[in-house]
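Every number in this text was worked out from the coordinates using simple rules, so none of it is lab data. Here the structure is a predicted model, which is why all the values come from computation and not from measurement. Neighbour counts are summed over all protein chains in view; Cβ atoms, including those assigned to glycine, are modelled from backbone coordinates with ideal geometry.
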Amino acid sequence: MKYFADGSCTFPTTLTDSIWVSAEKGNLDISGTSILKYPVDISGVSTFDFNCIDQSGTTFLFQAVEFQNVFGVITRFFLCLDIHEINGNVLKYFLGTDYDVFVQDYIFPLAQDIATIAQACNRATPYEPHTYITLVKSGSVADGSAPIQCPVGVLAVFDSVAITGQTCANSVLDVCSNRTQMNFTLDTPCATEQTFAAGGEYSCLHYVTSGQTTYLSLWNNDASPAYQFSCFAFQKVGDVVTATETIKYCTPTTDHLTPGTRDSVAGKTIVVQNPSEICITVGGTTATGTGPGETTTLSQSGLYALLLIPLYILLSLLLLLFLCCCGKSSKKKKTSEKTRPESPIIVISKPETSNLKFGMRSELYMKRGHSGLFRPKKSLVIPSHPTFLPCVLPLPRVEPIYKDPFLLDDPPASSTRTVEPLRTLKPPPSPGIGGLYSFDAMEDIMGR
């Protein structure tokens with residue numbers, strides 16, 4: 001017989017019609033938006049069929065089809081679940097109703113009325129994140145589709161195991177042979193103190209981290225387990241993992257030091273250390289083996305060496321980038337600093353007046369060794385830049401009109417004027433403007 005809701009609820013797409021296994025209630029039959037054969041502890045009733053009657057976000061309100069006559073009063077029962085999808089085969093939910101002492105379950109009873117979400121979902125929010133309850137599709141663990149890789153903190157082979165304060169000689173926790181499983185191999189004197197899985201083998205299903213503690217939901221791989229699920233709360237410091245194991249799911253007070261108690265079953269404390277191997281995945285795929293959880297293992301020294309490879313590559317890239325930037329900067333600087341073309345040089349080697357501090361230069365006197373009488377100054381070198389030419393022009397050519405008394409030999413080859421002997425020269429005319437020198441050169445310049 002199937003019961004269907006009035007269409008006001010929409011389950012996650014993963015939660016399809018099938019048998020699902022709850023960490024709290026065991027097998028549940030999901031049909032549409034109804035939960036069939038939900039186990040309860042009410043006197044005279046072993047299961048209820050619940051229909052979803054209202055929804056607010058991920059919170060769903062269910063009403064039991066069955067009702068009870070309690071002291072002549074019709075009493076209805078309501079269930080509040082906050083459901084979250086994990087993957088195609090695993091979901092988790094939180095109980096939204098506080099524990100009811102009369103019903104002895106997380107169910108809300110109400111006489112002669114239909115409850116609302118505000119009434120039935122009376123558990124304080126936000127819920128403790130580690131109190132989630134795992135819901136797994138039946139058969140998905142066996143076919144390998146539900147298990148996930150176990151948390152990084154336990155991906156190793158630990159050669160030392162202690163349970164409830166008792167160290168187990170020759171005992172190992174191996175999470176490297178199959179990364180989706182935690183395998184305890186326990187030897188005496190741990191015959192009496194063991195995990196809740198008699199074979200010591202669990203599959204990892206889902207985990208959350210709250211603070212510094214990771215809460216891992218484990219599936220017991222025993223053929224006929226007393227408890228199908230366990231909550232493994234752990235914290236890793238250095239090479240030591242301190243953990244607790246609580247059946248079904250964690251209580252609000254469970255952490256890595258304090259196990260929870262459910263169904264009057266106290267949890268266990270577990271300490272594993274001395275890892276001989278640490279598991280890693282190379283390139284996102286398993287390196288050896290064909291199993292879904294098989295992987296390669298490296299020693300710690302090999303792991304550290306492998307972790308240095310990305311750092312080495314990063315430093316090499318930074319160095320290459322630095323060299324490229326320097327090369328571009330140098331090339332740009334050389335390109336921008338072009339050699340300025342040299343300007344032609346004008347050498348003023350004609351005799352100038354001393355008032356302008358232009359040096360006089362007489363090739364004739366220099367040739368005849370009269371440097372003692374007329375000491376020429378250095379030639380003035382002026383760049384022939386267009387901005388200088390209007391301001392600096394050569395002075396007029398000055399030529400003597402009579403025989404220099406110191407000129408005893410032949411005149412220089414460059415002279416075109418006839419030089420007469422000293423005795424044939426006439427006395428100079430009376431002093432006056434232009435009496436001693438000719439300004440033909442100035443006239444030539446002005447005439448141009």
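All other residues with a Cβ under 13 Å from the Cβ of Val265 taken together, and with Lys, Arg as +1 and Asp, Glu as -1, what is their net charge? Can you show the working numbers first?
Working: positive: Lys248, Arg262, Lys268; negative: Glu245, Asp263.
Summing Lys/Arg as +1 and Asp/Glu as -1 gives +1.
I need the per residue convex hull volume for the stretch 125-180, using only the alpha carbons, in cubic angstrom as a whole number. Present the calculation step by step, with values, prior to reporting the outcome.
Details: hull volume 8.6 nm³, N = 56.
Per-residue hull volume (Cα only) is 153 Å³.
Using Cβ counts within 10 Å as a stand-in for footprinting exposure, how do Ile35, Ile114 rank, fewest first?
Going from sparsest to densest Cβ surroundings: Ile114, Ile35.
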Using every alpha carbon pair in the stretch 1-141, what percent of pairs falls into each 10 Å bin from 0 up to the bin containing the largest distance?
12, 45, 36, 7, 1
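So for Trp219, Trp20, fewest C-beta neighbours within 10 Å to most, what's the order? Walk me through the numbers before you get to the answer.
Numbers: Trp219 27, Trp20 23.
So the ranking, lowest neighbour count to highest, is Trp20, Trp219.
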So, in nm, how far is label Asp159 from label Val237 when the simple model puts each one 7 Å beyond its Cα toward the Cβ?
2.4
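Over 20 Å between C-alpha atoms is what I'm after, so list which of Lys248/Lys268; Lys37/Lys268; Lys25/Lys236 land there. Write down the numbers at each step before the final one.
Values: Lys248/Lys268 13 Å; Lys37/Lys268 31 Å; Lys25/Lys236 31 Å.
Exceeds cut-off: Lys37/Lys268; Lys25/Lys236.
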